[in-house]
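Structure first, commentary second.
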Amino acid sequence: MSLFIAFEGPEGAGKTTQVDHLVQRLAAAGVHAERTREPGGTPLGRELRRLLVSPEGPALSPREEALLLALDRLRHVESVIRPALARGAVVVTDRYVDSTLAHQGHGGGAPLETLRWLIDYATGGLLPDLTVLLDVDVELGIERRREAYRTGLGEFNRIDGRDLAYHRRVRQGYLLLAQQAPKRYLVIDAALPEDQVTDRIWERVAPLTNK
């Protein structure tokens, strides 16, 4: 049984934390999950991630970012995601195609139809069975990122440092995408206590794995 789950959401929504919890719950239920992320799920992706998010990296336009992400995504899908799904695995990714539409499209102003074409080209049309959208007020999310950085528990990268207007456009972009594909999305208020978010995700995922 193969299953493809993506986690999306504004910065500081807790995606990585909830990916951790889901992978652990799946393991406890006897289900092995292949955990990955974008950008950075392959050796090439890790190099591209450095270009995209490092403060020392080159200044990039939204279109340039989209092209780098498409290259990362093509390699990611072909070398990691599709092979795992072919083996019947559960694949859990921290970000996928909707991040490009939300960030480079709604946030950065790159044409959405062009981005959709580029995404389809890179993925061969592969979409998740379920996309978990962790929604959070952008001020809270960015403050969480700053606090994690201050305490040595996370990074505060070039994307995090963009102005709040950008992050608000990204958040609204995610919410619009969820409205357009409600059957694929699970939208959760990420301001809820961490364990409640974890439980709500498991309530949706468990039936998909027959657990």
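The values are calculated or read from the model by the stated rules, or taken from the named source; none is laboratory data. Quick caveat, the model's predicted, so the values are computed rather than measured. Neighbour counts run over all protein chains shown; Cβ positions are idealised from the backbone, glycine included.
Values computed for the structure shown
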quantity: Hey, Glu56 out of contact with any Phe, Trp or Tyr (no Cβ under 8 Å at 6 or more places or on another chain), assigned to a helix (DSSP H, G or I) and more than 28 Å from Thr209 (Cα to Cα) or not; calculated: no
quantity: Residue ID - farthest from Leu164 (Cα to Cα), chosen from residues in the range 98-130 that are free of Cβ contacts under 8 Å to residues at least 40 places away in the same chain and not polar (S, T, N, Q); calculated: Gly125
quantity: Any pair with Cβ under 7 angstrom, 6 or more apart, that starts in the range 55-80 at a residue that is closer than 20 Å to Arg35 by Cα and ends at one that is charged (D, E, K, R) and crowded, with 16+ Cβ neighbours inside 10 Å; calculated: Asp72/Glu38; Arg73/Glu38; His76/Glu38
quantity: Complete set of residues in the range 9-37 that are touching a Phe, Trp or Tyr at 6+ places or on another chain (Cβ under 6 Å) and either at pLDDT 95 or above or of a type in the set (Ser, Thr, Tyr) (or both); calculated: Val19, Arg25
quantity: Selection from the range 150-198 of residues that are of a type in the set (Ser, Thr, Tyr), modelled with pLDDT under 95 and more than 20 Å from Asp20 (Cβ to Cβ); calculated: Tyr166
quantity: Residue check, Leu48 part of a helix (DSSP H, G or I), closer than 19 Å to Pro128 by Cα and out of contact with any Cys (no Cβ under 9 Å at 6 or more places or on another chain); calculated: no
